[in-house]
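Right, one structure below, let's go through it.
The values are calculated or read from the model by the stated rules, or taken from the named source; none is laboratory data. Keep in mind it's a predicted model, so treat the numbers as computed, not measured. Heads up, the Cβs are rebuilt from the backbone with ideal geometry, glycines too, and the neighbour counts pull from every protein chain shown. These area figures cover heavy atoms from the full protein model, side chains too; ligands, DNA and RNA do not enter into them. Shrake-Rupley method; radii C 1.70, N 1.55, O 1.52, S 1.80 Å.
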Amino acid sequence: GAGHAPRIIFGTIGGRLIALDAKTGEPSRGFGTNGMVNLKTAEIMNGFPESAGYGLTAPGSIYRNLIILGSRVQEQPQLGPSGAVRAYDIITGKLAWTFDGIAQPGDKNHATWEDEGWKRRSGVNVWNLMTVDAQRGIAYLPFGAPAIDRNGQDRKGANLYSSSIVAVNAATGKYM
């Protein structure tokens with residue numbers, strides 16, 4: 001951004017987003033807390049402790065002033081941290097938007113998760129690279145399967161948005 005030193009931004013397998021001044025290697029002032037954002041928020045951890053498995057396995061995608069992040073979450077057991085995709089402001093580190101791969105209450109596709117199979121469910125995450133069409137402002141999110149991916153006894157229904165490529169507005173995270 002204008003008036004800000006060039007930054008290097010990266011995520012860790014331990015669930016941190018870090019910004020460094022590209023010239024000095026020092027933490028970027030004004031980004032999160034001392035150049036770091038803890039990605040293990042209460043909303044993401046689903047009531048599980050910070051020690052529960054959550055981190056980043058692929059670089060984020062940059063769109064304008066945002067870094068769009070997937071995550072690594074557990075394959076099993078079924079309940080655990082959320083695999084929601086989130087975008088953060090690259091200058092401040094503030095959360096800009098969230099798109100949950102498990103259709104939540106209020107989402108038009110929530111009914112695809114029967115018998116509350118969505119509650120505190122892990123999986124349905126983007127663990128690999130995303131594609132952003134910068135000209136059209138579209139982020140393509142390749143979501144994986146819900147935990148436990150090979151056993152759906154406790155998650156009847158179509159389970160949207162799992163195992164799908166979902167297009168969202170890259171600036172807002174709104175489902176397209």
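Considering only region 45-57, state which residues are within 19 Å of Q78 (Cβ to Cβ) and either in contact (Cβ under 8 Å) with a residue 60 or more places away in the chain or among the hydrophobic types (A, V, I, L, M, F, W, C) (or both).
Hits for region 45-57 are M45, N46, G47, F48, A52.
Mind listing whichever residues of region 6-33 are surrounded by 12 or more Cβ atoms within 10 Å (Cβ to Cβ) and of a type in the set (S, T, N, Q)?
T12, S28
Which of the residues belonging to region 121-140 are surrounded by fewer than 24 Cβ atoms within 10 Å (Cβ to Cβ) and either of a type in the set (S, T, N, Q) or at pLDDT below 95 (or both)? Spell out the reasoning first.
Initial filter on region 121-140 (surrounded by fewer than 24 Cβ atoms within 10 Å (Cβ to Cβ)): 127-138, 140.
N128, T131, Q135 - these are the residues of region 121-140 that are surrounded by fewer than 24 Cβ atoms within 10 Å (Cβ to Cβ) and either of a type in the set (S, T, N, Q) or at pLDDT below 95 (or both).
Which one of these is in contact with an Asp or Glu (Cβ under 9 Å, 6 or more places away or on another chain) and of a type in the set (D, E, K, R): D21, D107, D89?
D107
Does G106 count as open to solvent by 70 Å² or more (accessible area, probe 1.4 Å) and small (G, A, S)? It would help to see each step written out before you state the result.
Working: open to solvent by 70 Å² or more (accessible area, probe 1.4 Å): yes; small (G, A, S): yes.
Criteria met by G106.
Being part of a loop (DSSP other than H, G, I, E, B), open to solvent by 10 Å² or more (accessible area, probe 1.4 Å) and modelled with pLDDT of 95 or more is the filter here; which residues of region 76-90 pass it?
I90
Which of the numbered conditions does A2 fail, given that it passes all the others? Conditions: (1) at negative phi; (2) open to solvent by 10 Å² or more (accessible area, probe 1.4 Å); (3) modelled with pLDDT of 95 or more.
The number of the failed condition is (3).
Filter region 34-44 down to residues that are aliphatic (A, V, I, L, M) and closer than 19 Å to Q78 by Cα and give me whichever is least open to solvent (accessible area, probe 1.4 Å). Before you say what the answer is, go through the steps one by one.
Residues of region 34-44 that are aliphatic (A, V, I, L, M), as a first pass: 36-37, 39, 42, 44.
In the following step, the residues that additionally are closer than 19 Å to Q78 by Cα were identified as 42, 44.
On the way: A42: 81, I44: 6 Å².
Only one residue tops the list, namely I44.
With G35, G15, G47 as the choices, which residue is more than 18 Å from the chain's Cα centre (by Cα) and on the phi > 0 side of the Ramachandran plot?
G35
Evaluate the following for D154: is it in a loop (DSSP other than H, G, I, E, B), open to solvent by less than 60 Å² (accessible area, probe 1.4 Å), on the phi < 0 side of the Ramachandran plot and at pLDDT below 95?
On the way: in a loop (DSSP other than H, G, I, E, B): yes; open to solvent by less than 60 Å² (accessible area, probe 1.4 Å): no; on the phi < 0 side of the Ramachandran plot: yes; at pLDDT below 95: yes.
The answer is no for D154.
Checking the condition outside any strand (DSSP E or B) and crowded, with 17+ Cβ neighbours inside 10 Å, which residue from G93, G47 passes?
Numbers: G47 fails: crowded, with 17+ Cβ neighbours inside 10 Å.
After applying the criteria, what remains is G93.
Does L66 satisfy being within 25 Å of G137 (Cα to Cα), modelled with pLDDT of 95 or more and in contact with a Ser or Thr (Cβ under 8 Å, 6 or more places away or on another chain)?
Spelling it out, it is not the case that L66 is within 25 Å of G137 (Cα to Cα), modelled with pLDDT of 95 or more and in contact with a Ser or Thr (Cβ under 8 Å, 6 or more places away or on another chain).
Regarding R72, is this residue closer than 23 Å to A170 by Cβ, open to solvent by 30 Å² or more (accessible area, probe 1.4 Å) and of a type outside the set (S, T, Y)?
Answer is yes for this residue.
Determine if region 58-68 includes at least one residue that is closer than 15 Å to I9 by Cβ, without any contact (Cβ under 8 Å) to a residue 60 or more places away in the chain, open to solvent by 50 Å² or more (accessible area, probe 1.4 Å) and assigned to a strand (DSSP E or B).
no
So, in region 109-168, how many residues would count as being over 17 Å from the mean Cα position of the chain (by Cα) and under 19 Å from R72 (Cβ atoms)?
Going through region 109-168 one residue at a time, the tally reaches 3.
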